[in-house]
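First comes the structure, then the notes that go with it.
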Amino acid sequence: MASAMGSLRRLLMAPSLRDVSFAGRGFPVTETAATRQLEAIPQTVVTGFEWGIESKSLWETERRLSLVDLELRGFAYEGATMASVIRDSMPGRGGRTAQLLQGAGRRHIFLNYIGIGFAMAKLPRPLWKKVMPELDGEDFYPPMTWLAVDGYGFDRAYFDPARWVDDQRLDTPYAWDGHPDYFQRAVDQGIGRALWFIHGARVEDVCAAVRRFASERRPDLWAGVGLAATFAGCSTAAELGALRARSGELSGHVAQGSVFAAKARHFSGIVPEHTRSALHALAGITVESAAALADDAAPPAGAADGVPTYEIWRRSVREKLPVNSL
């Protein structure tokens, strides 16, 4: 049961489902069965946030999350993780996020990191140094904590596309993982993911949106597009083939994002058919091969050449992809 304080937190902090709908945001999306399916994703995130922000016990939150459709459950965990981070930031609170990620949420760790980024978009920067919980074990994929910055960038673009997409605003650098110069690149990956939703997975419009950005930002935007197209889906194989073709010499970045999405799905144990077909269209390999490739490409702890381990991992994935897939 939710407490009175929990209900108040939900009323004050949770957006309505209408607020995150495509029509509610004013996105140029024509409603179809596919766009309704895509729209269900941000609405599932909000639902998970509501449960996470109002539930008295973590058990109750996890029990509610367990009732969500398997393909959408990871998105509900994104929202619940966002709520846990915000609750942990309150005076006298702490530890809820770590418990969630180390418990039933462990299999959704990649999306949990994105949920942490959603919370960052709502919290003042001085609190960011406390948002990432201490997690022990290689299966938490420490280099992937950059997905929190990706989530932050997605939130910025989704809720204020006029500033972050149309005006192409650059964010103020932040020394995430000690690399302030890389911060914008991770933000751009999130913006690329957001473009998939803002344009309702309409490939022609998504590609045009990427091409409007400065050329130096496009590789990371394409990686975000590939990740969203593979994880969220809602496009056909033919349309994804066109996306790959239109990305031109940057198709390797699209494929790399697709591989990371497949790895996240594979790790969760929930791999929908749209992920398999998107990965085949964008990277030319199977989900099982992508998961193995991602693991093989992961750099050893401490490897660095002046850039985050996460970026070394991304480069290695592109280098290890079969030549005929690029």
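Brief remarks follow.
- Residue in region 125-134 that is free of Cβ contacts under 8 Å to residues at least 60 places away in the same chain, β-branched (V, I, T) and more than 26 Å from P272 (Cβ to Cβ) present: yes
- Residue in region 109-121 that is without any contact (Cβ under 8 Å) to a residue 40 or more places away in the chain and β-branched (V, I, T) present: yes
- Going through (1) free of Cβ contacts under 8 Å to residues at least 40 places away in the same chain; (2) farther than 24 Å from G105 by Cα one by one, A283 falls short only on (1).
- Residue count for region 171-202 under the criterion of being out of contact with any Gly (no Cβ under 9 Å at 6 or more places or on another chain), within 19 Å of A242 (Cα to Cα) and not in a loop (DSSP other than H, G, I, E, B): the result is 2.
- Residue within region 51-69 that is among the small types (G, A, S) and touching a helix residue (DSSP H, G or I) at 6+ places or on another chain (Cβ under 6 Å) present: yes
- Residue list for region 22-44, restricted to those being out of contact with any helix residue (DSSP H, G or I) (no Cβ under 6 Å at 6 or more places or on another chain) and closer than 19 Å to M82 by Cβ: R25, A40
- Of all residues in region 134-166 being at pLDDT 95 or above, surrounded by fewer than 15 Cβ atoms within 10 Å (Cβ to Cβ) and not acidic (D, E), the one that is farthest from K122 (Cα to Cα): A162
- Selection within region 250-272 - part of a helix (DSSP H, G or I) and either aliphatic (A, V, I, L, M) or at pLDDT below 95 (or both): L250, V254, A255, V259, A261, A262, A264
- Every condition in (1) over 23 Å from G74 (Cβ atoms); (2) open to solvent by 60 Å² or more (accessible area, probe 1.4 Å) is met by D295 except one, and the failing one is (1).
- Taking the numbered list (1) modelled with pLDDT under 95; (2) open to solvent by 30 Å² or more (accessible area, probe 1.4 Å) in turn, R211 passes all entries but (1).
The values are calculated or read from the model by the stated rules, or taken from the named source; none is laboratory data. Computed from a predicted structure; not experimentally measured. Positions of Cβ are backbone-derived with ideal geometry, glycine not excepted, and every protein chain shown enters the neighbour counts. Heavy atoms of the whole protein, side chains included, go into the accessibility calculation; ligands, DNA and RNA do not. Shrake-Rupley method; radii C 1.70, N 1.55, O 1.52, S 1.80 Å.
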